[in-house]
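Worksheet: one structure, shown below.
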Amino acid sequence: MDIQLSGIGMTSARTRDRLVQRLRDAGIQDERVLDAIRNTPRHLFIEEALAHQAYDDTALPIGHGQTISQPWVVARMTELLIANGKPRKVLEIGTGCGYQTSVLAPFCDELYSVERIRPLQDQARKRLLQLGLAKVQLKHADGGFGWTAEAPFDGILAACARVDIPDDLLSQLADGGRLVMPVGGDRQQILTVVDREGDQFHTQTLDPVRFVPFQRGVMR
């Protein structure tokens, strides 16, 4: 895959600036996050046939029944995760194509990402390496179990929806840490934030969202 980070048409600075302005108009306030969206080449994470939609604020299919999240959702979740300061160590559930991973990586010292679908993980690894993000640690596993060997995490971000928040993830959240994930079923999901203070977990429900469902097991 040839990397084109700037140029005309779909990769131009003007095209990316229009997306950033749409996100700003839609309520994204953290300029650091908006800069990360601007500087992340989203067209690299989707099929060439869909590249003309790369900088639209919409989710797009990436195969295996999965999608690349819309930029507003990626920006919002990132903004929420870093609202209390830069988390040193972060766990991402659902690497997917690696787009959210790439946006999130500059905001933490260590990033661990779990993906249950091997072909998606393999594609994400290639893209992350091409973008100089070799520091991201990837694991092929059921994300519902988190990454016990590397816990605790200052931040946990899940890019898939469940009707509840797995206890395994809550137990791996560090004291003072924050978890961000969509919670709900097929018809209604709410972006949810959980902050841990000692043995107490404080939950906020925020924005209506639409994510693929959390699935168990792994696919090779």
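Here are the numbers for this structure:
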read-out: Region 16-52: number of residues that are of a type in the set (A, V, I, L, M) and open to solvent by 20 Å² or more (accessible area, probe 1.4 Å); value: 3
read-out: Some residue of region 52-59 being under 13 Å from the mean Cα position of the chain (by Cα), closer than 27 Å to GLN21 by Cα and in contact (Cβ under 8 Å) with a residue 60 or more places away in the chain; value: yes
read-out: Options ALA141, ALA124; residue that is among the aliphatic types (A, V, I, L, M) and open to solvent by 10 Å² or more (accessible area, probe 1.4 Å); value: ALA141
read-out: Meets criteria (within 21 Å of the chain's Cα centre (by Cα), modelled with pLDDT under 95 and not in a helix (DSSP H, G or I)) for LEU5; value: yes
read-out: Number of the exception - THR58 against (1) closer than 21 Å to GLY27 by Cβ; (2) open to solvent by less than 10 Å² (accessible area, probe 1.4 Å); (3) not in a helix (DSSP H, G or I); value: (2)
read-out: Single match in ILE156, ILE190 (criterion: of a type in the set (A, V, I, L, M, F, W, C), free of Cβ contacts under 8 Å to residues at least 40 places away in the same chain and in a strand (DSSP E or B)); value: ILE190
read-out: Options LEU34, LEU50, LEU23, LEU19; residue that is at pLDDT below 95, among the hydrophobic types (A, V, I, L, M, F, W, C) and in a helix (DSSP H, G or I); value: LEU50
read-out: Scope region 71-86; condition of a type outside the set (A, V, I, L, M, F, W, C) and open to solvent by 10 Å² or more (accessible area, probe 1.4 Å); matching residues; value: ARG76, GLU79, ASN84, GLY85, LYS86
read-out: Boolean, THR78 is under 11 Å from the mean Cα position of the chain (by Cα) and part of a helix (DSSP H, G or I); value: yes
read-out: Matching residues, region 181-220, being among the basic types (Lys, Arg) and farther than 19 Å from ARG116 by Cβ; value: ARG187, ARG196, ARG210
read-out: Hey, THR101 touching a Ser or Thr at 6+ places or on another chain (Cβ under 7 Å), assigned to a loop (DSSP other than H, G, I, E, B) and at negative phi or not; value: no
read-out: Scope region 159-204; condition hydroxyl-bearing (Ser, Thr, Tyr) and either closer than 19 Å to THR78 by Cβ or open to solvent by less than 10 Å² (accessible area, probe 1.4 Å) (or both); matching residues; value: THR192
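Quick grid of which residues meet (1) in contact with a helix residue (DSSP H, G or I) (Cβ under 6 Å, 6 or more places away or on another chain); (2) closer than 25 Å to GLY132 by Cβ; (3) hydrophobic (A, V, I, L, M, F, W, C):
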site: GLN21; (1), (2), (3): no, no, no
site: GLN29; (1), (2), (3): no, no, no
site: HIS43; (1), (2), (3): yes, yes, no
site: ALA49; (1), (2), (3): no, no, yes
site: ILE68; (1), (2), (3): yes, yes, yes
site: VAL73; (1), (2), (3): no, yes, yes
site: ALA83; (1), (2), (3): no, no, yes
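The values are calculated or read from the model by the stated rules, or taken from the named source; none is laboratory data. The shown structure was predicted, so the numbers you read here are calculated from the model rather than taken from an experiment. All Cβ positions, even for glycine, are placed from backbone atoms using ideal geometry, and neighbour counts span all protein chains on display. Ligands, DNA and RNA are stripped out before the accessible areas are found, and what is left, the full protein with its side chains, is counted by its heavy atoms. Shrake-Rupley method; radii C 1.70, N 1.55, O 1.52, S 1.80 Å.
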